[in-house]
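The structure appears right after this line, and notes come after that.
The values are calculated or read from the model by the stated rules, or taken from the named source; none is laboratory data. No experiment lies behind these values; they were computed from the predicted model shown. Glycine gets a Cβ as well: all are built from the backbone with ideal geometry, and neighbour counts include every protein chain shown. These area figures cover heavy atoms from the full protein model, side chains too; ligands, DNA and RNA do not enter into them. Shrake-Rupley method; radii C 1.70, N 1.55, O 1.52, S 1.80 Å.
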Amino acid sequence: MTVLLGLGCAVLLVACVALGWALAFVRRQLALARMHIDTLERDLDAALRPGPPTSSAERAVRRVIRTATRVREQGIAGLIQSTIEDITTWAGTERADILNMAAADGTVTLFFSDVEDSTALNDQLGDKTFVKVLAAHDRIVRTRIEQHQGQVVKTAGDGFMVAFRDTEAACRAAIAIQRDLGRPSDSILRRHPIQVRIGIHTGQVVARDGDYFGTNVAMAARVASVAAGGEIFVSEAVTEALADSSITPVPVGVYELKGLSGEHPISQLLAGETR
């Protein structure tokens, strides 16, 4: 009996030692597996997190991808529900190839526009028709901007942010756009007319890493925000810059502009005053 008990204890001891070695081996394998998983997760995160764009072409491709994603997730209605403030924000966060638009003294004229009540219009017309209306609108805006040597900085849905070296050129572009929209040659705009508001301001801009940002960007956006569809509002700085021009802004009042201290004289350009 004693011998059998001794043998049983010995077998149990061997089994415990073997189990201990087995548990230690499993723990080491689990630890290695965890380290491997952590490494894979870091590599995957790095692969999925895009680095900063290194060229204009790469930035353009990324914008196309972001737009396609928004259309897929939100539909056309979600894509076009952007405001002038969206473009202002983007101007401070994305690189723009427009620094050559600044004059020698560092000033640039900024032009903001958007379609009035575009969300309601989109709901009324439906996505398919509204996209055609928007495309016709874009053709008019881009044609006149190019004609007057402007540079599109950003677009957001139905809105544009544009830079001009010359203040008068920016104003003439705006006047031409409103005139074209008032008597459109495109049949889709004749059937479904739209109203666009435009704001223009000129001043020195802050440039960093190829971006424009600062008070004068906000000022241009706020001037546009107080205009109604069909109107072109300009800041006092624009009025002063047009002193020797044939374009004569008409004062419309003094406004408090959101986020900007003080009161600001605003004038209007009349679409029929010059050709």
**Request:** Might you check whether a residue that is under 20 Å from VAL238 (Cα atoms), in contact with a Ser or Thr (Cβ under 9 Å, 6 or more places away or on another chain) and open to solvent by less than 10 Å² (accessible area, probe 1.4 Å) occurs anywhere in the range 142-156?
**Result:** no
**Output for the range 178-199, where each listed residue is in contact (Cβ under 8 Å) with a residue 40 or more places away in the chain and not in a strand (DSSP E or B)** = GLN178, ARG179, ASP180, LEU181, GLY182, PRO184, ASP186, ILE188, LEU189, HIS192, ILE194, GLN195
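Would you say ASP180 is charged (D, E, K, R) and over 22 Å from ASP127 (Cα atoms)? Quick ask: steps written out before the conclusion?
Numbers: charged (D, E, K, R): yes; over 22 Å from ASP127 (Cα atoms): yes.
So ASP180 fits the description; yes.
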**Message:** Of the conditions (1) open to solvent by 30 Å² or more (accessible area, probe 1.4 Å); (2) assigned to a helix (DSSP H, G or I), ALA220 satisfies every one except a single condition; which number is it?
**Reply:** (1)
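Take the conditions over 24 Å from LYS258 (Cα atoms) and either surrounded by fewer than 24 Cβ atoms within 10 Å (Cβ to Cβ) or touching a Lys or Arg at 6+ places or on another chain (Cβ under 6 Å) (or both) and apply them to SER225. Does it pass? Talk me through it step by step, then tell me what you get.
Details: over 24 Å from LYS258 (Cα atoms): no; either surrounded by fewer than 24 Cβ atoms within 10 Å (Cβ to Cβ) or touching a Lys or Arg at 6+ places or on another chain (Cβ under 6 Å) (or both): yes.
Answer is no for this residue.
Going through the range 245-254 one residue at a time, which ones are more than 11 Å from ALA170 (Cβ to Cβ) and either touching an Asp or Glu at 6+ places or on another chain (Cβ under 9 Å) or open to solvent by less than 80 Å² (accessible area, probe 1.4 Å) (or both)?
If the condition is that a residue be more than 11 Å from ALA170 (Cβ to Cβ) and either touching an Asp or Glu at 6+ places or on another chain (Cβ under 9 Å) or open to solvent by less than 80 Å² (accessible area, probe 1.4 Å) (or both), then SER245, SER246, THR248, PRO249, VAL250, VAL252, GLY253, VAL254 are the ones that fit.
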**Request:** Could you look through the range 111-130, keep only residues that are over 24 Å from ALA173 (Cβ atoms) and among the charged types (D, E, K, R), and pick out the one that is most open to solvent (accessible area, probe 1.4 Å)?
**Result:** LYS128
**Message:** Cβ-Cβ under 9 Å, sequence separation 6+ or interchain: first residue in the range 253-274 and among the aliphatic types (A, V, I, L, M), partner open to solvent by 40 Å² or more (accessible area, probe 1.4 Å) and modelled with pLDDT under 90. Which pairs?
**Reply:** LEU260/THR215
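Evaluate the following for LEU242: is it modelled with pLDDT under 90 and open to solvent by less than 60 Å² (accessible area, probe 1.4 Å)? Talk me through it step by step, then tell me what you get.
Numbers: modelled with pLDDT under 90: no; open to solvent by less than 60 Å² (accessible area, probe 1.4 Å): yes.
Spelling it out, it is not the case that LEU242 is modelled with pLDDT under 90 and open to solvent by less than 60 Å² (accessible area, probe 1.4 Å).
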